[in-house]
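Student: Below is a structure I'd like to ask you about.
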Amino acid sequence: MSRKVFSKDRPTVLAAEYELLALPEWRRAVEADFADGHDEDAPGPALWSGKADPPAIGARVEVFMNGFGPAVVRGYFVEHRWLGLYVTCDNPPAWWVEQTKREKPARVAPWIGPLVFGLDLDAPARRAS
């Protein structure tokens, strides 16, 4: 199911599209896209924040954010123009399991783990010692 918010004056998606099973039109985000005041609802392709291209559904990825670890891409979403991924983690952190165990199935499908963005797949920079 996809929820789209349209404006008659702006035919592109303005706020969000969820549960996408195909990669939408996208472009790699540039420095200006991260700036305060950037119009996240401007028309145009979805913005991808990762260094590598968005992975295909079924691809194995490493989610560095919050220690989620190895995961499988299950779908895509776009929120305020930012492209993200639905993933299923191989072994999600205990805090995630505890936090989401009370979620109703209608709100969170059991096969879906965290919603992540491209930056969440980029390994953190190593500190110089």
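Student: For region 29-52, give me the residue count where each residue is in contact (Cβ under 8 Å) with a residue 24 or more places away in the chain and more than 20 Å from residue 16 (Cα to Cα).
Tutor: Residues meeting the conditions: 2.
Student: Being of a type in the set (Val, Ile, Thr) and within 28 Å of residue 39 (Cβ to Cβ) narrows it down to one residue among 72, 78; which is it?
Tutor: It is 78.
Student: Within region 60-95, track down each residue that is assigned to a strand (DSSP E or B), of a type in the set (Asp, Glu) and more than 13 Å from the chain's Cα centre (by Cα).
Tutor: The answer is 62, and nothing else.
Student: Further, regarding this structure: All but one of (1) part of a strand (DSSP E or B); (2) of a type in the set (A, V, I, L, M, F, W, C); (3) under 15 Å from residue 19 (Cα atoms) hold for residue 57; state the number of the condition that does not hold.
Tutor: (1)
Student: Are there any pairs with C-beta distances below 7 angstrom linking a residue in region 78-97 that is surrounded by fewer than 19 Cβ atoms within 10 Å (Cβ to Cβ) to a residue that is of a type in the set (D, E, K, R), with the two at least 6 apart or on different chains, and if so which?
Tutor: From residues that are surrounded by fewer than 19 Cβ atoms within 10 Å (Cβ to Cβ), the pairs are 80/40; 80/41; 88/74.
Student: Let me ask another. Go through region 43-61 and report how many residues are exposed (fewer than 15 other Cβ atoms within 10 Å of the Cβ) and farther than 15 Å from residue 81 by Cβ.
Tutor: Residues that pass the stated criteria total 7.
Student: Please enumerate the residues belonging to region 56-98 that are over 24 Å from residue 45 (Cα atoms) and charged (D, E, K, R).
Tutor: Once the filter is applied, which keeps residues that are over 24 Å from residue 45 (Cα atoms) and charged (D, E, K, R), region 56-98 yields 60, 62, 90, 98.
Student: Right, next: Surrounded by 15 or more Cβ atoms within 10 Å (Cβ to Cβ) and at pLDDT below 90: is that true of residue 112 in this structure?
Tutor: yes
Student: Can you work out which of the residues in region 115-129 that are of a type in the set (A, V, I, L, M) and loosely packed, with under 10 Cβ neighbours inside 10 Å is modelled with the lowest pLDDT?
Tutor: 128
Student: Residue 40 is checked against (1) assigned to a loop (DSSP other than H, G, I, E, B); (2) exposed (fewer than 12 other Cβ atoms within 10 Å of the Cβ); (3) among the acidic types (Asp, Glu) and fails just one. What number does that condition carry?
Tutor: All conditions pass for residue 40, except number (2).
The values are calculated or read from the model by the stated rules, or taken from the named source; none is laboratory data. Given the structure is predicted, the values throughout are model-derived calculations rather than measurements. Counting neighbours? That spans all protein chains shown, and the Cβs are built from the backbone with ideal geometry, glycine included.
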